[in-house]
There are 2 protein chains.
Amino acid sequence: MYSVAIEDYLKSIWKLGSKDVGTQELASHLDIKPASVTKMILRLTEMGLVDHTPYKGASLTRRGELEALSVVRRHRLLETFLSQTLGLARDELHVEAERLEHALSKELEAAIAEYLGNPTRDPHGHPIPGPNGELYEETDLPLSDSPINMTLTVMQVPDNDSNILSWLENNNIYPGTKLKIISRDDFDGGINVRIGLSKIRISSSIASLVKISFEE
Amino acid sequence: MYSVAIEDYLKSIWKLGSKDVGTQELASHLDIKPASVTKMILRLTEMGLVDHTPYKGASLTRRGELEALSVVRRHRLLETFLSQTLGLARDELHVEAERLEHALSKELEAAIAEYLGNPTRDPHGHPIPGPNGELYEETDLPLSDSPINMTLTVMQVPDNDSNILSWLENNNIYPGTKLKIISRDDFDGGINVRIGLSKIRISSSIASLVKISFEE
DNA sequence: TATAAAGTTTAGCCAAGGCTAAACTCATTG
DNA sequence: CAATGAGTTTAGCCTTGGCTAAACTTTATA
Ligand SMILES: [Mn+2]
Ligand SMILES: [Mn+2]
Ligand SMILES: [Mn+2]
Ligand SMILES: [Mn+2]
């Protein structure tokens, strides 16, 4: 069993992409100083969880990736479980799962997955990796560059910013919501959207965080 | 928020009684060396959580006691929650709660308590302290020195030894079980008990861990 | 009552995981 | 192509929470 710190490092590197991740980028994501990150990256490299090229960046080895996926699986199962049983709001889930994810045994993970019927998406629409790291490939698209005048289904909302999340919730935007882009403001990329009977404007920065799908 | 180590120390001191707790006793309970315990006790004393008389022992201050009760509350609520939702067996609960108890926010604690209807006993029959450390006084008695030939109701079983616990479970002894002591073996304090149609013998060491109540 | 044993504390060590300040590398760019 | 500045690493420090070995107290025993 890896430490809380190590699990969070691996998850962060995983989230920041498959490319080489910079020290500073990782530091700000973990809210830690760059020098501390360098030191930990050296340890993770030593452990065979990370590949590191000095002055260039770090990436996960296969072993590191599997461990990261395991943490992500626990996180997303927990969010789903807390939502389902206790009815926590979508914007309260992330912060709780962030701590609980490190305290979940394999057995409890399995019991929760079974209880939930082995879900493939969490309450934010994020895919839940399988018990052996299986992750189906993404086909959802950012709302920010989706076609106009088509019926779109919201598939994913962000999980880590509870302000954005509660704004979206208040405007009835969450996985399953049907909406249509009416127009796009060229000057700043903001979009005007119809949801049911109401029309709202969504800034491009937020629209890029919402993922959708649609029929051909 | 106190560290995992500190929370476990406080809980252990609390469990080991209201008297002064010895270094060695605490060390073996926490599976740690006595010298490490002494060092931590000094820190806890510094923090105002513990009173310490050198070469005599340590006891909780009121603040330390309240913190210990908070950990115990989280532990027992979690056991109840996992039992209720996932149906975990009584002998699997403790080890899971032992880690999760340190990752539970006040909000999640409250949500779980409410979901469960503010229970006062966990699945082992142990009383659950209230949100402000309220704990009703115990009236349950050890089965080992209970009256003979009366209908007794099992109120509490131990939670930390899964071997004993599954033996008890296999013999249908758990909170709510009705039983009657038929006779007591004077030579070793073992008792012979009728549960429903079957009769079994319970050693005195196990009988002292099972608590019962009965009508006058 | 002197001494041995049991229990406790102190001293000194270590690893994990933070920090700051200083040194280093590398990609610009003047 | 040399100098600057952004980003990264190194050096050295700190706290937490373990450990062992040695010293110290207290208690029990001869
Ligand atoms: Mn986390
Ligand atoms: Mn999520
Ligand atoms: Mn614990
Ligand atoms: Mn219990």
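The values are calculated or read from the model by the stated rules, or taken from the named source; none is laboratory data. Because the structure is predicted, anything quoted here is derived from the model rather than measured. Cβ: placed from backbone, ideal geometry, glycine included. Neighbour counts: every protein chain shown.
Cβ-Cβ under 7 Å, sequence separation 6+ or interchain: first residue in the range A:196-216 and more than 14 Å from A:S183 (Cβ to Cβ), partner among the charged types (D, E, K, R). Which pairs?
Here the result reads A:K211/A:D140; A:I212/A:D140; A:S213/A:D140, each pair linking the range A:196-216 to a residue that is among the charged types (D, E, K, R).
Out of the residues in the range A:89-140 that are at positive phi and in contact (Cβ under 8 Å) with a residue 12 or more places away in the chain, which is farthest from DNA strand C (Cβ to nearest atom)? Show your work before the answer.
Step one: list which residues in the range A:89-140 are at positive phi, which gives A:117-118, A:125, A:133.
Still in the list and also in contact (Cβ under 8 Å) with a residue 12 or more places away in the chain: A:125, A:133.
Values: A:G125: 29, A:G133: 22 Å.
For the range A:89-140, the residue satisfying everything is A:G125.
Consider B:K19 carefully, then state whether it is of a type outside the set (D, E), closer than 20 Å to B:L69 by Cα and within 16 Å of ligand 4 (Cβ to nearest atom). Even if it seems obvious, please write down each step before you answer.
Numbers: of a type outside the set (D, E): yes; closer than 20 Å to B:L69 by Cα: yes; within 16 Å of ligand 4 (Cβ to nearest atom): no.
The answer is no for B:K19.
Within the range B:142-175, track down each residue that is touching a Ser or Thr at 6+ places or on another chain (Cβ under 7 Å) and surrounded by 17 or more Cβ atoms within 10 Å (Cβ to Cβ).
B:S144, B:L152, B:V154, B:M155, listed by residue number.
Quick check, is B:P34 in contact with a Ser or Thr (Cβ under 8 Å, 6 or more places away or on another chain) and without any contact (Cβ under 8 Å) to a residue 12 or more places away in the chain? Please lay out each step first, then the result.
Values: in contact with a Ser or Thr (Cβ under 8 Å, 6 or more places away or on another chain): yes; without any contact (Cβ under 8 Å) to a residue 12 or more places away in the chain: yes.
So B:P34 passes the test.
Go through (1) without any contact (Cβ under 8 Å) to a residue 40 or more places away in the chain; (2) touching a Ser or Thr at 6+ places or on another chain (Cβ under 7 Å); (3) closer than 28 Å to A:E134 by Cβ for A:L49 and report which single condition fails.
(1)
Can you name the residue in the range A:26-39 that is buried (at least 17 other Cβ atoms within 10 Å of the Cβ) and aliphatic (A, V, I, L, M) and, of all such residues, is nearest to ligand 4 (Cβ to nearest atom)?
Narrowing the range A:26-39 to residues buried (at least 17 other Cβ atoms within 10 Å of the Cβ): A:26-27, A:29-30, A:37.
Filter once more, so that each one left must be aliphatic (A, V, I, L, M): A:26-27, A:30, A:37.
Details: A:L26: 40, A:A27: 41, A:L30: 35, A:V37: 40 Å.
Ranking the qualifying residues of the range A:26-39, first place goes to A:L30.
What number of residues within the range A:53-82 are of a type outside the set (D, E, K, R), crowded, with 19+ Cβ neighbours inside 10 Å and away from DNA strand D (no atom under 16 Å from the Cβ)?
12
Among the residues of the range B:90-106, is any surrounded by fewer than 14 Cβ atoms within 10 Å (Cβ to Cβ) and in contact with an Asp or Glu (Cβ under 8 Å, 6 or more places away or on another chain)? Spell out how you get there, then give the answer.
First, the residues of the range B:90-106 that are surrounded by fewer than 14 Cβ atoms within 10 Å (Cβ to Cβ): B:106.
Filter once more, so that each one left must be in contact with an Asp or Glu (Cβ under 8 Å, 6 or more places away or on another chain): none.
No - not one qualifying residue is present in the range B:90-106.
Given the conditions (1) within 12 Å of chain B (Cβ to nearest Cβ); (2) under 16 Å from the mean Cα position of the chain (by Cα), and given that A:T85 satisfies all but one, which numbered condition is not satisfied?
Exception for A:T85: condition (2).
Table: residues versus (1) under 18 Å from B:K15 (Cβ atoms); (2) of a type in the set (F, W, Y); (3) away from ligand 1 (no atom under 16 Å from the Cβ).
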residue	(1), (2), (3)
B:L42	no, no, yes
B:T45	no, no, yes
B:R74	yes, no, yes
B:L77	yes, no, yes
B:L82	no, no, yes
B:T85	no, no, yes
B:D91	no, no, yes
B:E98	yes, no, yes
B:H102	yes, no, no
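Listed residues B:G117, B:G133; which is at pLDDT 95 or above, more than 16 Å from ligand 3 (Cβ to nearest atom) and surrounded by 15 or more Cβ atoms within 10 Å (Cβ to Cβ)? Show your work before the answer.
Numbers: B:G117 fails: surrounded by 15 or more Cβ atoms within 10 Å (Cβ to Cβ).
That would be B:G133, the only listed residue that is at pLDDT 95 or above, more than 16 Å from ligand 3 (Cβ to nearest atom) and surrounded by 15 or more Cβ atoms within 10 Å (Cβ to Cβ).
Looking at the range B:7-18 only, could you name the residues that are farther than 16 Å from B:L100 by Cβ and either in contact (Cβ under 8 Å) with a residue 60 or more places away in the chain or touching a Gly at 6+ places or on another chain (Cβ under 7 Å) (or both)? Walk me through how you get there before you give the answer.
Step one: of the range B:7-18, the residues farther than 16 Å from B:L100 by Cβ are B:9-10, B:12-18.
Across the range B:7-18, the qualifying residue is only B:L10.
Give the residue that is farthest from the other protein chains (Cβ to nearest Cβ), with candidates limited to residues of the range A:88-125 that are over 20 Å from B:H75 (Cα atoms), charged (D, E, K, R) and under 16 Å from the mean Cα position of the chain (by Cα).
Looking at the filtered set, the residue picked out is A:R121.
Looking at B:E67, B:E79 in this structure, which one is among the acidic types (D, E), over 25 Å from A:Y115 (Cα atoms) and under 20 Å from the mean Cα position of the chain (by Cα)? If you could, list the steps in order and put the result at the bottom.
On the way: B:E79 fails: over 25 Å from A:Y115 (Cα atoms).
Unique residue meeting the criteria: B:E67.
For residues that are more than 14 Å from DNA strand D (Cβ to nearest atom) and at pLDDT 95 or above, scanning just the range A:13-25, find the one that is surrounded by the most Cβ atoms within 10 Å (Cβ to Cβ). Give the steps one after another, and end with the answer.
We begin by selecting, within the range A:13-25, every residue more than 14 Å from DNA strand D (Cβ to nearest atom); these are A:14-15, A:18.
From what's left, at pLDDT 95 or above: A:14-15.
Values: A:W14: 19, A:K15: 13.
By that ranking, first place goes to A:W14.
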